[in-house]
Structures are given as C-alpha cells and as structure tokens.
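Read-outs: derived from the displayed coordinates by stated rules, not from any lab. Not measured: the values here are computed from a predicted model. Here the Cβ is made from the backbone with ideal geometry for all residues, glycine too, and neighbour counts use every protein chain on show.
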Amino acid sequence: MNNLTTFFFNGEEFYVTQKITLNEVIEYLAYQSTLFVVEYNNFICNKMNWKKIVIKKNDRIEIITIVGGG
C-alpha cells in the first residue's frame, strides 16, 4: 500500500509519507507566520486552526504576503 500524499504549496508539488499538519509544513519551510496569511483549498485559514489541519491528498496551500506601502 502506498502511503504517499501529494499536496501543492504555492503551486509546487510536494510529497509526504506520514501525516503532517499545516502548521508543520509552514514551520518546515521556515515561514515567519506574522508576515502572511494562508489560503488553504481556496479559503483563508485562521492561524488558530493550523495545528488541527492534517494535509490530505491534493490539498492546495498558498501563502499570501502582506505588503505595505505608501
């Protein structure tokens, strides 16, 4: 049985062989969580839920950065 899970992060394909949460993905990729919001499967995801969301096959995660200017 193949335990490989494919998901997409910022349009790039990733693979994992064990359960991983959204929070673990973000930490692994070393993003500073105060500087962006996360779109998870086309919906903005509240940071309080990141540790509860387990990545599933074909999930789509996009990082949306906050840009200031004047």
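Magnitude of the Cβ-charge dipole of the chain, K/R +1 and D/E -1, about the Cα centre, nearest 20 debye?
It works out to roughly 300 debye.
Which value, in nm² and rounded to one decimal, describes the direction-averaged projected area of the C-alpha convex hull of the chain?
Averaged projected area of the chain's Cα convex hull equals 5.3 nm².
Return a whole-number percent for the relative contact order of the chain, with Cα pairs under 8 Å and 6 or more residues apart as the contact set.
RCO, the chain: 42 percent.
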